[in-house]
Structure formats: C-alpha cells, structure tokens
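Inspection log for the structure reproduced underneath, given as structure tokens.
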Amino acid sequence: MKAVHFGAGNIGRGFIGQLLHQSGYELVFADVADTLVDEINRRGRYRVCILGESMQTESVTGVRAVRLHSSECVDHVADADVVTTAVGVDNLDAVADVLAEAIRRRAMSGRGGYQNVLACENALYATHQLKQSVWARLDESTQSFAEEHIGFANVAVDRIAPNHRPEVGAEPLDAFVESFFEWDVERGALKGDVKIHGVHLVDDLGPYLERKLFLLNGAHAILAYIGYLAGCRTIDEATHHSRAADTARGAQAEVAAALARKYEQTFTEADLAVYADRVFERFRNPYLGDEVVRVGRDPVRKLGPEDRLVAPLRLCRAYGLPAEHLVTGIASAYRFDYPGDAQAQRLQESIREQGIERIVRSVSGLQDKALVRAVAVAYDELAR
C-alpha cells in the first residue's frame with residue numbers, strides 16, 4: 001500500500017504521516033520547500049515528539065519526499081492508494097493540478113482498483129472543495145473514471161502541532177505534537193476498504209466538522225487574538241488571562257447552544273460542554289509552547305464567512321441566541337497587527353483606509369447593520 005501526503009509540515013509529519021506509517025503504508029511526502037524535501041530524502045526517517053511532562057518519541061522510517069509539481073510527484077500520486085493533504089485550504093488548487101494529471105494517467109493506463117483522497121485541513125468540507133477543483137481540470141470521460149475509482153471523503157482532523165523546539169536534543173525533522181488526536185472520516189464517500197490506524201468512520205461528518213472548527217479552532221483563535229493584545233506569548237499563558245479565557249469560554253458556550261439546536265440528533269448541549277472543557281484543558285498544556293502569533297496568523301482567512309469565528313456567529317443569530325463573546329472574539333481578530341504577518345498588516349492598512357465597518361462587511365460577509373456595528377463597538381472597546 002502506498003500513501004502520498006501533500007504538505008510535510010508539523011501536522012503532515014506529526015499527525016497524518018505518523019498514522020499512515022503505523023497503518024503500514026509506504027509513505028511519500030510532496031512539498032514545495034526544496035530544503036525540506038532534500039532533508040527527508042537524506043535521512044529517510046524522522047521523529048514524532050509528543051509533548052507532556054516528559055517527551056515521548058516515535059520514529060517514522062522508510063519515508064521519502066518529492067517536489068510538488070514534479071513528474072515524479074505525479075507518478076507517485078497515480079500509484080497511490082491514499083492521498084492526503086495538510087497544505088492550508090488556500091493551497092488546494094496546487095494539489096488539484098497534480099491530482100488531476102495523476103487521475104488522467106490512471107484512466108489512460110486502464111488501471112483498476114481504488115484511490116481515496118482526504119484533505120485534512122482546518123476548513124469545512126475541504127475535500128469537496130478539492131474535488132471541485134480537480135473536476136474542473138478533467139474531461140467527461142476522465143470524470144466518469146474518477147467517479148468509479150476515486151473516493152473523495154471529507155474529514156475532520158484534530159491535533160495541536162506547535163512550532164516548538166527544545167533547546168537541546170532536537171533533530172532537524174522532529175515534529176512536535178500533543179498526545180491527543182482525532183481523525184473523523186465520512187464513511188459513505190470512501191471507495192473500497194480503507195484502513196488507517198486511529199481513523200473514526202462516521203455516517204454524517206457535518207456535526208463533527210462544525211464541532212471541531214467552532215469549539216476548538218474558534219476558541220483557539222480567540223485566545224490567540226486577545227492573548228496577543230494582552231501581551232501573552234503562548235496559548236497556555238492566554239488561558240490564564242481572565243479576559244482572553246472568559247471570552248473564549250463564553251464563545252464556546254454560545255456555540256454549544258447553537259450546535260445542540262442544529263444537531264439535536266447527534267449532540268446534547270451537555271455533550272458539547274464536555275467536549276469544550278476537554279479542549280480548553282488541552283490549551284492549558286504548558287509543554288506545547290504554542291505561540292499566539294502562530295495560532296493567530298492569516299486573520300483574513302479566519303475571519304471569512306464560513307470559517308471558525310463568523311460561521312458560528314451566523315449560526316447563533318439564526319437561532320436567535322446570544323453571541324456577545326463571539327462578537328468580541330471577531331473584533332479582537334481585526335485588532336491583530338503582528339508585524340511578522342503580512343496578511344495582518346494588509347488588513348490593518350485596509351481598516352485605516354476604509355474603516356472597520358466596511359472591512360467587516362467585505363471580509364466577514366456580515367451585512368446586518370446591527371451586527372456589524374456590534375463588532376465595530378467591540379473593536380473600539382478593545383483599543384482601551
């Protein structure tokens with residue numbers, strides 16, 4: 001069995017790659033970073049370092065890497081049983097180019113068997129988005145082949161992988177992660193029998209996707225943004241800052257009430273409260289050293305209408321539920337002005353030029369005047 005994983009970063013190596021290796025797959029990484037590709041090929045192995053009171057390590061061996069747009073990359077993808085990604089949802093088009101060419105090669109060769117594609121991104125239905133991009137590159141005949149032989153399954157993935165390195169004893173390819181992980185995959189979209197260690201197959205992925213994106217990624221972002229404004233360096237520091245913690249926990253409670261309404265056949269509000277508590281305890285792990293500027297990066301994407309902050313706000317509004325903590329969290333994201341984040345700097349420039357209300361409408365897609373005004377008021381309050 002062969003697996004190709006796009007994106008050889010911390011999540012790629014420390015989560016997806018680790019589980020594929022444990023499941024017996026021959027593992028090939030595809031990445032755009034030449035130095036990373038060369039280092040993987042030179043060493044042929046790396047360590048997954050699990051951060052806690054003591055660091056546990058696991059070796060992932062027999063791995064190799066290829067450059068993303070190379071012919072060699074297409075060859076490996078055409079030959080793979082499983083294709084996974086962790087590249088960021090904005091970079092899926094580059095994956096679609098390679099995947100479409102690989103599917104054409106499979107179709108022309110008359111190859112049977114199945115291939116399954118799983119986009120492991122922090123976004124709703126990322127695999128569906130990838131499939132649409134691939135389909136736009138295929139003719140009708142190849143689309144028919146793909147419908148029969150290629151599975152595109154949406155997933156929800158959860159593991160914190162900070163940019164953390166101890167001062168001594170580290171190896172260049174070490175991937176640092178927390179011990180907890182969750183990987184939910186929609187069962188009905190898979191082709192054939194797919195067995196990956198640690199994967200949880202579900203019939204309806206929607207509730208799990210939104211639970212994770214809203215209650216984990218959303219709260220994570222709010223801690224990062226308010227923590228940044230308060231001078232916190234790491235997420236665990238932010239969990240001990242009263243304003244950051246109260247806003248994040250309050251937002252979780254608001255979202256849990258809305259999700260319990262929407263998915264009453266799957267979760268109770270009590271179930272979601274337990275999940276939120278567990279998530280917050282993970283944020284408190286002092287050994288992760290997860291920097292607020294890492295978690296807060298790319299604020300424009302995170303402020304999008306379908307992402308972790310605005311989508312749950314809209315859900316709360318749809319059910320007529322309070323959402324003042326979510327509003328504060330969104331406003332704090334518009335205050336994120338970290339000099340090392342080019343996107344954050346462009347956002348700040350746009351706010352200075354056009355005003356906060358106009359930018360909220362354009363970036364977050366909010367048109368309700370009262371709601372836009374509420375974000376603007378919270379934005380002003382945060383300055384004080």
Answer yes if at least one residue in region 138-146 is buried (at least 20 other Cβ atoms within 10 Å of the Cβ), farther than 28 Å from residue 303 by Cα, outside the structural domain of residue 311 (by TED's automatic domain parsing) and of a type outside the set (Val, Ile, Thr), and no otherwise. yes
Tell me, please, whether a residue that is surrounded by fewer than 21 Cβ atoms within 10 Å (Cβ to Cβ), closer than 23 Å to residue 153 by Cβ and over 22 Å from the mean Cα position of the chain (by Cα) can be found in region 220-232. no
Cβ-Cβ under 8 Å pairs, at least 6 apart or on other chains, region 80-105 side touching a residue at least 24 places away in the same chain (Cβ under 8 Å) and not assigned by TED's automatic domain parsing to the domain that holds residue 158, far side buried (at least 20 other Cβ atoms within 10 Å of the Cβ) and not acidic (Asp, Glu): none
Residues of region 27-72 being charged (D, E, K, R), closer than 30 Å to residue 236 by Cβ and loosely packed, with under 13 Cβ neighbours inside 10 Å, which ones? 53
Note on region 182-198: residues out of contact with any Asp or Glu (no Cβ under 8 Å at 6 or more places or on another chain) and closer than 10 Å to residue 157 by Cα are 184, 185
Could you grab the pairs with beta carbons closer than 9 Å, sequence gap of 6+ or different chains, first residue in region 106-122 and on the phi > 0 side of the Ramachandran plot, second one in a loop (DSSP other than H, G, I, E, B) and among the acidic types (Asp, Glu)? 113/81
Within region 1-116, helices (runs of 4 or more DSSP H) holding 1 or more residues that are farther than 25 Å from residue 159 by Cα: 34-43, 71-79, 92-109
Any residue in region 305-313 that is surrounded by 18 or more Cβ atoms within 10 Å (Cβ to Cβ), free of Cβ contacts under 8 Å to residues at least 60 places away in the same chain and over 30 Å from residue 55 (Cα atoms)? yes
How many residues are crowded, with 24+ Cβ neighbours inside 10 Å and without any contact (Cβ under 8 Å) to a residue 40 or more places away in the chain if we restrict to region 314-340? 0
Within the set of pairs 6+ apart or on separate chains, which have a first residue in region 356-384 that is aromatic (Phe, Trp, Tyr), a second that is surrounded by fewer than 19 Cβ atoms within 10 Å (Cβ to Cβ), and C-beta atoms under 8 Å apart? none
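The values are calculated or read from the model by the stated rules, or taken from the named source; none is laboratory data. On a predicted model such as this, the values are computed, not experimentally measured, just so you know. Ideal geometry is used to build each Cβ from the backbone, glycine not excepted, and the neighbour counts take in all protein chains shown.
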